[in-house]
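J.: Here it is: the structure, laid out below.
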Amino acid sequence: MAFDALMSERNVTRAAIQVGVSRPAMSAALSRLRTLLGDPLFQRSADGLLPTARARDLAAPIAQALRQIEAAMVRQPAFHPETASLTFKLGLQDYPTLVLLPALLEALEKSMPGVSLNVLAFNDRDAAVDLLDAGMIDVAIGVLPGNTDGRILTRPLLRDEFVTIVSTDPLATRRAMDLASYLDLQHVLVSSEGQLHGLVDQALAQQGLKRKLALTLPQLFAVPAVVARTNMAATILKRVALQAQASHGLMLFAPPLALPEIVFHLIWHRRSDSHPAQRWFREFIAEQAVDL
C-alpha cells in the first residue's frame, strides 16, 4: 500500500495521509522498499517524487493486485444516483465544454437533481494530470496527456474532424476550396498552449508551404465571432463550427489538405477507479457522449 500511495500522490506527506500513517512511518516504508527491491524507486524533484523506470514497471501490477484484494475484502456500498446528493468535480478543455457539457447538464437535471457539477477549465493537456494528482478534479475530458505514467487511466470519448470556416462574403459563390484559395486567406490559429503553429501548419510544412497567420488566441469560444466580422478563415473542429454556423452566418469547407482526426479522452486517477460513485459518473459521461 505504501508504494501504491507514493506512486499516486508523488509526495511522502500526502501518501502518509492516504494510507493513514505518520510521515516518518511512510519514509521508513520507502526505505524498506528501496532495500528490498534494490532500486531508489523515487527521486526528489521540484515537481515532487519522480518514479524510476523500475517503479513505473511495478506500478500497474501492484495497483491491480491491491484493487483485487480490496474488492475481495471490502464490499463498497452501492451508489444510487437518483437519490444521491453530491457534487462531482469535472475538468474540461474548451471543446468538451462547448460540445458535451450542455448535454451532461440536461441529463442530470432530468433524472439526478441532487447531483451537481463543479467545472474547472484547463488548457495545457498535461494540466489534467496535475489537477487529478492534486485531487482538484474527479475526472477530466481533454486531449490525451503526454505522460499518464500508470497512475492515470484514460478512455476515448469523442472524435471529430476539422473544417474551415469563413464569413459568407469572401467565398459566397464557391462550393469547395482549393489549396491556392486557402493560402490566399488570412488565418486564425487556436492554440490553447500558446504555440505559434498547429496541425495545419505542420501539414503545410510537409509540402513546403506556409499560411498567413493574422491572429493566434487560446480561446476556441471567440473564433466564430472573429471570423464572422472579418475576412479571416479558421480551421476548427466540425461540431464547434456547426453550432456557430447559423448564429454567425458562416460557410464551412473541407480543408484542402489531409488533417488527422482529433480524439478527446475521459481521464481519471487510478485511486478513484473502483469507487462506485466515480465509476457511475464516468459511465454517465460516456453515455451522453455516445449520443453525439
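The values are calculated or read from the model by the stated rules, or taken from the named source; none is laboratory data. All of these numbers come straight from a predicted model, not from anything done at the bench. Because the Cβ atoms are built from the backbone with ideal geometry, glycine has one as well, and the counts that use them run over all protein chains shown. Side chains included, ligands, DNA and RNA excluded: accessible areas come from the protein's heavy atoms. Shrake-Rupley method; radii C 1.70, N 1.55, O 1.52, S 1.80 Å.
J.: Skipping prolines and chain starts, which residues have an amide H placed within reach, meaning under 5 Å, of the one on residue 186, given they are 5 or more residues away or on another chain?
T.: Amide H neighbours of residue 186, under 5 Å, 5+ apart: 233.
J.: Right, something else. Longest exposed-loop-site-free stretch of the chain, with GluC sites (Glu not before Pro), DSSP loop and at most 16 other Cβ within 10 Å?
T.: So the longest stretch without any such site is 1-81.
J.: Also: Which one, [x] 39, 30, 15; [y] 32, 22, 19; [z] 44, 24, 14, gives semi-axes √(5λ) of the Cα gyration tensor in Å as derived from the coordinates shown?
T.: [z]
J.: Test of understanding: what is the full-extension gain from residue 183 to residue 274, defined as 0.36 nm times their sequence separation minus their Cα-Cα distance?
T.: Taking residue 183 through residue 274 to full extension adds about 27.7 nm, to one decimal.
J.: Share of antiparallel DSSP beta bridges in the chain, in percent to the nearest 5?
T.: Bridges in the chain are about 60 percent antiparallel.
J.: A further question follows. Find the accessible area per residue for the chain; the probe is 1.4 Å, ligands and nucleic acids are left out, and the unit is Å².
T.: On a per-residue basis, the chain sits at 52 Å².
J.: Any idea what the dipole of the chain comes to, in debye rounded to 20, about its Cα centre with Lys/Arg Cβ at +1 and Asp/Glu Cβ at -1?
T.: The calculation lands at about 540 debye.
J.: Among 48, 281, 136, whose Cα sits farthest toward the positive end of the charge dipole of the chain (+1 at Cβ of Lys/Arg, -1 at Cβ of Asp/Glu, about the Cα centre)?
T.: Farthest towards the positive pole: 48.
J.: For residue 144, which sequence-distant residues (separation of 5 or more, or a different chain) have an amide H within less than 5 Å of its own amide H, given hydrogens modelled in the peptide plane?
T.: 265
J.: Let me ask another. Hey, with R₀ at 51 Å, roughly what FRET efficiency would residue 252 and residue 34 work out to, going by the Cβ-Cβ distance, to 0.05?
T.: 0.30
J.: Going from most exposed to least, what order do 7, 232 have by accessible area with a 1.4 Å probe?
T.: 232, 7
J.: How much accessible area does residue 236 have with a 1.4 Å probe, in Å² rounded to the nearest 10?
T.: The accessible area of residue 236 comes to roughly 10 Å².
J.: Take every DSSP beta bridge whose two residues both sit in the range 180-292, then give the antiparallel share in percent to the nearest 5.
T.: Taking every DSSP beta bridge within the range 180-292, about 0 percent pair in antiparallel fashion.
J.: Right, here's the next one. Leaving out ligands, DNA and RNA but keeping every protein chain, what accessible area does residue 247 have, in Å² rounded to the nearest 10, with a 1.4 Å probe?
T.: 90
J.: Find out how many positive minus negative residues lie around residue 245, taking Lys and Arg as positive, Asp and Glu as negative, among other residues whose Cβ is under 13 Å from that of residue 245.
T.: +2
J.: Let me ask something else about it. If you roll a 1.4 Å probe over the range 155-292 with all protein chains in place, what percent of the accessible area is carbon or sulfur?
T.: The value for the range 155-292 is 51 percent carbon and sulfur by accessible area.
J.: Out of the range 1-82, which trypsin sites (Lys or Arg not before Pro) are coil in DSSP terms and have no more than 11 other C-beta atoms within 10 Å?
T.: Sparse-neighbourhood loop trypsin sites (Lys or Arg not before Pro): 75.
J.: For residue 120, which sequence-distant residues (separation of 5 or more, or a different chain) have an amide H within less than 5 Å of its own amide H, given hydrogens modelled in the peptide plane?
T.: Long-range HN contacts for residue 120: 90, 91, 92.
J.: In nanometres, what is the gap between the two model label sites at residue 78 and residue 144, each 7 Å from Cα along Cα-to-Cβ?
T.: With each label placed 7 Å out from Cα toward Cβ, I get 3.6 nm.
J.: What is the spin-label model distance, in nm, from residue 238 to residue 126 if the labels are put 7 Å beyond Cα along the C-beta direction?
T.: Spacing of the two 7 Å Cα→Cβ label points: 3.2 nm.
J.: Here's something else I'd like to know. Using unit Cβ charges (K, R positive; D, E negative) and no other charged atoms, how large, in debye to the nearest 20, is the dipole of the range 167-292 about its Cα centre?
T.: I would put it at about 100 debye.
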